[in-house]
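Below: one structure, written as structure tokens.
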Amino acid sequence: MNWSRSRVLMRQNWALLMADPAPIVILTLMPIVMMTFLEGTGRALLRGEGYADASGAELAVPGMAIMFAFFGVGFIGTAFFSEHGWGTWDRLRASRATTMEIVLGKILPSAVLMLGQLAVLFGVGVVAFGMRIDGSVAGVGVMMLACVAVLVCFSMLLTAVVRTANQLMAVVNLAAMVLTGIGGALTPVDVLPTWAQALAPLSPAYWILKGFRAVILERGGLDATIVPAAATLAFAGIMAAIAVWRFSVTDEKVWDT
Amino acid sequence: MLEIRGLTKTYAEHEVLRRVDLQAAPGEIVGLLGPNGAGKTTLVSIVAGLRRADAGTATVDGIDALAHPERAREVLGLAPQDLGIYPVLSVERNLAFFAELSGMTGKALRSRVTDVADALDLTKLLGHKAATLSGGQKRRLHTAMALVHEPKVLFLDEPTVGADVRTRNQILEVVRRRAEAGCAVVYTSHYLTEIEDLAATVAVLEGGRIIARGPLAELVAEYGSPALRLTFEGSAPPLDGFEVAGSVATLRSADPARAAAGILARLNGSAERLRSVDIVRPSLEAAYLALTGRRSNTDATDQIEEVIDELVA
């Protein structure tokens with residue numbers, strides 16, 4: 001592992017991401033729009049639970065931020081698929097860069113972008129929607145990092161198993177809706193159908209939102225994030241293991257179908 | 001510099017490379033020829049570390065490229081057959097990226113990017129996005145990206161496919177200069193005239209085997225005898241002295257032009273099905289034809305349709 005080469009690869013991939021910022025902007029603006037629609041519902045639900053002075057953003061902001069972060073999984077996969085589409089994948093592999101350096105060079109800029117997306121959305125939640133963080137602010141940071149970790153691993157898993165960019169985007173969209181919906185991003189898990197409540201812990205989004213709820217709404221300290229963050233990282237570990245098992249640099253990926 | 005011994009590769013049941021031996025000395029250009037599917041790209045891919053070989057050895061600048069591909073890649077340059085550029089980035093960024101990956105920094109990097117851009121007439125385009133370039137400009141950038149880190153062994157896999165004459169000449173000139181600087185070049189192509197222009201050592205790959213290898217002049221002298229080739233609609237008729245393969249009848253002759261007039265008179269009813277008469281001169285094309293039984297994509301033989309028209313008339 002050569003760090004100066006890794007830096008070159010990361011800078012290159014950052015430049016590639018920034019060359020077309022439209023998807024990033026949309027995935028940051030869309031959840032803000034959705035927050036405005038869902039804030040009132042969140043307020044009603046939280047007041048029903050006894051949080052009399054809740055603005056509703058305490059549910060809407062983490063919920064929408066996580067849902068659209070899941071949609072952002074496509075960024076990392078796209079970073080790999082576009083190399084195949086441009087014919088540069090084999091060039092990269094024939095360069096001095098190792099597979100590990102190439103993969104890290106792809107993942108880290110996208111991870112930073114995801115973290116930035118979450119930070120912006122939570123910041124907007126606090127400033128524009130009056131979201132109060134009653135517990136540990138550091139805990140919010142821990143859950144953001146856990147969230148990015150699982151999303152990075154999820155994107156690597158999908159990149160390893162799907163063959164075309166269209167398949168990737170279809171699976172990302174479906175997974176983002178199902179995993180975050182069942183995890184409580186749209187409505188709290190308590191109001192989901194019974195069968196969905198039973199399945200909710202199988203979604204990493206459930207644990208991420210549980211962690212955010214603990215520190216934002218339930219006045220939890222950093223320790224309140226231990227179980228949800230550990231559960232989220234367990235998902236990340238399983239996904240990473242499958243990705244490593246299935247990922248092959250010689251797989252042909254199709255950008256245009 | 002490059003030493004390949006007994007390289008073998010099988011995909012499913014199909015043996016793509018069969019104990020291939022190939023060498024390239026410093027400063028030598030090896031023109032690797034062969035029909036589609038002969039195994040040229042597989043050979044290049046294996047040595048460049050993109051595919052695994054089933055058996056054999058490949059040594060690049062003293063490094064075992066199969067056991068230590070990461071070390072071999074430090075001295076290798078590869079321009080794959082398919083265009084590989086970053087369309088959303090500038091020409092300069094495309095070049096600088098691969099120079100940086102090879103460890104170049106600062107002035108050395110800027111100087112090298114300038115030099116390679118200059119050599120391939122890309123200087124005025126350095127600030128342009130690669131997506132906005134013409135086909136020929138993209139092809140030059142694609143080749144420049146393989147040269148920018150000054151590799152000791154360079155693989156160019158059909159580098160002039162789809163290129164115009166100017167681009168082709170520029171690429172050939174750069175290849176010559178790299179060889180003069182001591183680089184060993186493996187140049188795969190269907191365009192035999194390019195191999196002749198480069199005065200390359202020739203290796204012909206057919207069905208996964210190297211069926212001929214040697215200096216261009218020797219190969220042409222040995223296999224490239226002149227011939228008269230008649231192409232018919234449908235199967236070629238049996239003709240005395242001709243080798244018939246499908247719709248093509250070939251006569252090896254020291255003076256094929258003189259033979260043509262006499263032969264046309266003997267065609268009788270088959271004359272109506274005659275579609276072309278080609279004189280194959282002593283050339284790499286003729287040698288290639290003799291070795292593989294196929295024409296290359298280039299039209300190196302002289303089309304003499306006007307002569308046919310006159311003779312038939």
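The values are calculated or read from the model by the stated rules, or taken from the named source; none is laboratory data. If you're wondering where the values come from, they're calculated on a predicted model, not measured in any experiment. Please note: Cβ atoms are built from the backbone with ideal geometry, for glycine as well, and neighbour counts cover all protein chains shown. Quick note on the areas: whole protein, heavy atoms, side chains included, nothing else; ligands and nucleic acids left out. Shrake-Rupley method; radii C 1.70, N 1.55, O 1.52, S 1.80 Å.
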**Fill in**
For region B:38-64 the number of residues that are within 11 Å of another protein chain (Cβ to nearest Cβ) and either of a type in the set (Gly, Ala, Ser) or open to solvent by 50 Å² or more (accessible area, probe 1.4 Å) (or both) is 6
**Request:** Looking for whichever is closer than 20 Å to A:Trp14 by Cβ, among the aliphatic types (A, V, I, L, M), away from chain B (no Cβ under 14 Å) and under 17 Å from the mean Cα position of the chain (by Cα) here; the options are A:Leu115, A:Leu121. Which one fits?
**Result:** A:Leu115
**Item:** Residues of region A:147-170 satisfying the condition of being surrounded by fewer than 24 Cβ atoms within 10 Å (Cβ to Cβ), in contact (Cβ under 8 Å) with a residue 24 or more places away in the chain and small (Gly, Ala, Ser)
**Value:** A:Ala149, A:Ala160, A:Ala165
**Item:** Unique residue being more than 10 Å from chain B (Cβ to nearest Cβ), in contact with a helix residue (DSSP H, G or I) (Cβ under 8 Å, 6 or more places away or on another chain), under 30 Å from B:Ala48 (Cα atoms) and not in a helix (DSSP H, G or I) when the list is A:Met10, A:Met1
**Value:** A:Met1
**Number of positions in region B:72-92 that are more than 9 Å from chain A (Cβ to nearest Cβ) and farther than 20 Å from B:Gly136 by Cα** = 2
**Message:** Can you confirm whether B:Ala108 is surrounded by fewer than 20 Cβ atoms within 10 Å (Cβ to Cβ) and more than 7 Å from every other protein chain (Cβ to nearest Cβ)?
**Reply:** yes
**Message:** What's the number of the only condition in (1) at pLDDT 95 or above; (2) open to solvent by 40 Å² or more (accessible area, probe 1.4 Å); (3) within 9 Å of another protein chain (Cβ to nearest Cβ) that B:Gly127 fails to meet?
**Reply:** (3)
**Asked** What number of residues within region A:67-110 are open to solvent by 10 Å² or more (accessible area, probe 1.4 Å), outside any helix (DSSP H, G or I) and closer than 19 Å to A:Trp255 by Cα?
**Response** 1
**Prompt:** Is it the case that some residue within region B:69-87 is among the small types (Gly, Ala, Ser), open to solvent by 30 Å² or more (accessible area, probe 1.4 Å) and touching an Asp or Glu at 6+ places or on another chain (Cβ under 9 Å)?
**Reply:** no
**Prompt:** Which of the residues spanning region A:66-99 are of a type outside the set (Asp, Glu) and at the interface with chain B (Cβ under 7 Å from one of its Cβ atoms)?
**Reply:** A:Trp86, A:Gly87, A:Thr88, A:Arg91, A:Arg93, A:Ala94, A:Ser95, A:Arg96, A:Ala97, A:Thr98
**Asked** Which members of region B:158-173 meet the condition of being over 13 Å from the mean Cα position of the chain (by Cα) and open to solvent by less than 10 Å² (accessible area, probe 1.4 Å)?
**Response** B:Thr167
**Prompt:** Quick check, is B:Leu120 away from chain A (no Cβ under 14 Å), more than 13 Å from A:Ala94 (Cα to Cα) and open to solvent by less than 10 Å² (accessible area, probe 1.4 Å)?
**Reply:** yes
**Fill in**
The one condition A:Ala44 fails out of (1) modelled with pLDDT under 95; (2) in a helix (DSSP H, G or I); (3) within 13 Å of another protein chain (Cβ to nearest Cβ) is (3)
**Request:** Mind listing just one residue for me: the one in region B:165-196 that is part of a loop (DSSP other than H, G, I, E, B) and of a type in the set (Gly, Ala, Ser) and, of those, modelled with the lowest pLDDT?
**Result:** B:Ser189
**Request:** Please state which of the following conditions A:Ala52 fails to meet, knowing it meets all the rest: (1) in a helix (DSSP H, G or I); (2) open to solvent by 40 Å² or more (accessible area, probe 1.4 Å); (3) farther than 30 Å from B:His128 by Cβ.
**Result:** (1)
**Yes/no for B:Leu95 being more than 10 Å from every other protein chain (Cβ to nearest Cβ), crowded, with 23+ Cβ neighbours inside 10 Å, within 21 Å of A:Glu83 (Cβ to Cβ) and not polar (S, T, N, Q)** = yes
**Message:** Any residue in region A:15-34 that is within 10 Å of chain B (Cβ to nearest Cβ) sitting within a Cβ distance under 6 Å of a residue that is in a helix (DSSP H, G or I) and open to solvent by 60 Å² or more (accessible area, probe 1.4 Å)? List the pairs, counting only those 6 or more apart or interchain.
**Reply:** none
**Request:** Determine whether region B:226-235 contains at least one residue that is among the basic types (Lys, Arg) and either within 30 Å of B:Thr8 (Cβ to Cβ) or surrounded by fewer than 19 Cβ atoms within 10 Å (Cβ to Cβ) (or both).
**Result:** no
**Asked** Quick one: which of A:Asp190, A:Asp251, A:Asp223 is open to solvent by 30 Å² or more (accessible area, probe 1.4 Å) and closer than 24 Å to A:Ala160 by Cα?
**Response** A:Asp251
**Unique residue being under 17 Å from B:Pro26 (Cα atoms) and more than 11 Å from the chain's Cα centre (by Cα) when the list is B:Gly208, B:Gly214** = B:Gly214
**Asked** Can you spot a residue in region B:9-31 that is more than 14 Å from chain A (Cβ to nearest Cβ), hydrophobic (A, V, I, L, M, F, W, C), touching a Phe, Trp or Tyr at 6+ places or on another chain (Cβ under 9 Å) and buried (at least 19 other Cβ atoms within 10 Å of the Cβ)?
**Response** yes
**Request:** Could you tell me which numbered condition A:Leu45 fails, if it satisfies all but one of (1) closer than 30 Å to B:Ala72 by Cα; (2) in contact (Cβ under 8 Å) with a residue 60 or more places away in the chain; (3) open to solvent by 10 Å² or more (accessible area, probe 1.4 Å)?
**Result:** (1)
**Message:** Can you pull out every residue in region A:232-244 that is in contact with a helix residue (DSSP H, G or I) (Cβ under 7 Å, 6 or more places away or on another chain) and open to solvent by 20 Å² or more (accessible area, probe 1.4 Å)?
**Reply:** A:Leu233, A:Phe235, A:Met239, A:Ala240, A:Ile242
**Item:** Selection from region A:124-146 of residues that are open to solvent by 30 Å² or more (accessible area, probe 1.4 Å), farther than 22 Å from A:Ala231 by Cα and part of a helix (DSSP H, G or I)
**Value:** A:Val124, A:Val126, A:Val127, A:Ala128
**Request:** Of all residues in region B:130-164, count the ones that are within 12 Å of another protein chain (Cβ to nearest Cβ), in a strand (DSSP E or B) and not aromatic (Phe, Trp, Tyr).
**Result:** 3
